[in-house]
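Notes follow once the structure below has been shown.
The values are calculated or read from the model by the stated rules, or taken from the named source; none is laboratory data. All of these numbers come straight from a predicted model, not from anything done at the bench. Note: ideal-geometry Cβ built from the backbone for every residue, glycine included; neighbour counts use all protein chains shown. SASA here: full protein model, heavy atoms, side chains in, ligands and nucleic acids out. Shrake-Rupley method; radii C 1.70, N 1.55, O 1.52, S 1.80 Å.
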Amino acid sequence: MEILAYQDWMKPQVIKMFVEEYGVEEAAFEKLFTHFYESEFQKDRCIRIVAVEGQKVGGFQSFFYWPLKQNGKTVDAWQSGNSLVHPDFRGKGLFTKMLDFIHQQGSGFNAELLIGFPVEMSYNSFIRNKWSNPFNLQWHVKIGNPLLSLFRIGSTDIPSIFRRDKQEDFSTNNPNYKVEQSKAFDAYRFGYQNESLGRLIMHENEQSIFLEFKIQIRKKIIRELVIGKILFSGNNEHINVKLLERALRKVKRGIRPSIFSFACNEYLSSWMRILDENGFKKHDKKIYFIAKGKIAENVTNWKEWDIQRGDIDTW
């Protein structure tokens with residue numbers, strides 16, 4: 001089999017491969033695929049790789065542009081995702097070969113930073129491919145309104161006061177590495193989302209908080225409010241504790257979740273204090289974070305990376 005850069009004629013086969021693997025509706029997945037890779041923001045940046053035998057596509061791997069910010073400067077990064085090998089071609093090492101392709105001379109790709117959030121099944125393959133696992137995202141949970149949430153069993157609706165139709169630009173002077181929150185990137189990310197997302201911006205003493213969340217149902221009755229992103233405009237920890245407290249109180253009144261959950265870099269001490277002050281407790285579950293490339297090789301302190309659940313492409 002050959003490992004090649006993706007070409008347009010391969011699209012029907014790639015879509016069919018995902019439809020057959022995951023049982024999704026073909027028209028809906030084609031629309032998602034088209035926006036995800038062919039929108040103005042992404043089409044000239046994303047990296048798509050395929051394994052082919054003649055004219056038959058047997059594998060797909062992609063890296064999509066996922067910019068980070070550090071001290072106000074953009075760090076160009078690509079996130080690994082949508083990895084799949086057709087059942088007829090498994091056991092041949094194709095996944096590893098597709099990961100290796102971008103590092104080969106003549107591939108045309110020059111990504112200095114690759115990041116990813118692999119599932120358990122693919123984690124070891126990435127580690128064998130010399131990706132590092134410098135930290136994980138640690139889940140934290142907080143009790144919400146367990147009894148009142150029963151009156152909204154099964155509902156994932158977000159009240160209109162928390163819906164924001166326009167793209168959000170949110171500036172922060174926090175020096176940590178974090179995923180960019182620009183209008184252009186925001187428009188791209190949420191142009192392909194079907195789920196109802198909630199957002200809230202609040203202010204206190206000239207500092208602001210940006211909160212992004214959605215509802216998911218567990219065991220048919222537990223309304224979990226999953227917080228994907230929390231950004232603060234300033235670095236005063238005392239004010240940030242109060243900002244998060246006010247924001248959660250407002251969300252709690254308006255949505256009545258059974259529990260809140262939030263995942264962030266397990267080593268970022270400032271988060272541990274802010275979450276503890278707001279009644280969050282560590283959960284035993286984590287999400288792998290992996291990285292590779294010249295920038296990753298030169299990182300001296302991964303505790304400066306403020307990566308959260310909402311930074312994963314599946315958010």
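Can you tell me which residue among LYS242, LYS250, LYS281 is in contact (Cβ under 8 Å) with a residue 60 or more places away in the chain and open to solvent by 10 Å² or more (accessible area, probe 1.4 Å)? Lay out the reasoning, then the answer.
On the way: LYS242 fails: in contact (Cβ under 8 Å) with a residue 60 or more places away in the chain; LYS250 fails: in contact (Cβ under 8 Å) with a residue 60 or more places away in the chain.
Within the list LYS242, LYS250, LYS281, the selection yields LYS281.
Among the candidates VAL241, VAL251, single out the residue that is touching a Leu at 6+ places or on another chain (Cβ under 8 Å) and outside any strand (DSSP E or B). Checking each option against the conditions leaves just VAL251. Taken together, the residues in the range 250-270 that are closer than 13 Å to ASP306 by Cα and small (Gly, Ala, Ser) amount to 3. Among the numbered conditions (1) within 20 Å of the chain's Cα centre (by Cα); (2) open to solvent by less than 30 Å² (accessible area, probe 1.4 Å); (3) farther than 21 Å from LYS69 by Cβ, the only one that ARG189 does not meet is (3). Counting only strands (runs of 3 or more DSSP E) that fall entirely inside the range 26-116 and contain at least 1 residues that are free of Cβ contacts under 8 Å to residues at least 24 places away in the same chain, under 30 Å from ASP186 (Cβ atoms) and open to solvent by 40 Å² or more (accessible area, probe 1.4 Å), the qualifying elements are 73-75.
Select from the range 223-238 the residues that are assigned to a strand (DSSP E or B) and either among the acidic types (Asp, Glu) or more than 30 Å from ILE290 (Cβ to Cβ) (or both) and list them in ascending order. Walk me through how you get there before you give the answer.
Narrowing the range 223-238 to residues assigned to a strand (DSSP E or B): 223-232.
Listed by number, the residues that qualify are ARG223, GLU224.
Only residues that are at pLDDT below 85 and either surrounded by fewer than 19 Cβ atoms within 10 Å (Cβ to Cβ) or not polar (S, T, N, Q) (or both) were counted in the range 133-160, giving 15.
Looking only at the range 255-273, decide whether some residue is closer than 22 Å to ASN133 by Cβ, without any contact (Cβ under 8 Å) to a residue 24 or more places away in the chain and either surrounded by fewer than 20 Cβ atoms within 10 Å (Cβ to Cβ) or touching a helix residue (DSSP H, G or I) at 6+ places or on another chain (Cβ under 8 Å) (or both). Yes, the range 255-273 has at least one match.
Restricting to the range 256-315, count the residues that are assigned to a strand (DSSP E or B) and hydrophobic (A, V, I, L, M, F, W, C). Residues flagged as assigned to a strand (DSSP E or B) and hydrophobic (A, V, I, L, M, F, W, C) within the range 256-315 amount to 10. Among the residues here, GLU20 qualifies as within 20 Å of VAL119 (Cβ to Cβ) and without any contact (Cβ under 8 Å) to a residue 12 or more places away in the chain.
Scoring LYS214 on the criteria (1) of a type in the set (Lys, Arg); (2) under 21 Å from ASN265 (Cα atoms); (3) outside any strand (DSSP E or B) leaves a single failure, condition (3).
Within the range 15-29, can you find the residues that are under 24 Å from ASP100 (Cα atoms) and either within 22 Å of the chain's Cα centre (by Cα) or of a type outside the set (A, V, I, L, M, F, W, C) (or both)?
So in the range 15-29, the residues under 24 Å from ASP100 (Cα atoms) come out as 15, 17-18, 21.
The answer is ILE15, PHE18, GLU21.
The condition of being open to solvent by less than 10 Å² (accessible area, probe 1.4 Å) and among the polar types (S, T, N, Q) holds for only one of GLN216, GLN308, that being GLN308.
Which residue is farthest from ALA263 (Cα to Cα), if the candidates are limited to the range 292-315 and must be among the aromatic types (Phe, Trp, Tyr) and in contact with a Phe, Trp or Tyr (Cβ under 9 Å, 6 or more places away or on another chain)? Steps first, answer last, please.
Taking the range 292-315 and keeping what is among the aromatic types (Phe, Trp, Tyr), we get 302, 305, 315.
Cutting the leftovers down to in contact with a Phe, Trp or Tyr (Cβ under 9 Å, 6 or more places away or on another chain) gives us 302, 305.
Working: TRP302: 16, TRP305: 13 Å.
Ranking the candidates gives TRP302 first.
Looking for whichever is open to solvent by 30 Å² or more (accessible area, probe 1.4 Å) and among the charged types (D, E, K, R) here; the options are LYS130, LYS178. Which one fits? Don't jump to the end; show me each part of the working.
Values: LYS178 fails: open to solvent by 30 Å² or more (accessible area, probe 1.4 Å).
Only one candidate qualifies: LYS130.
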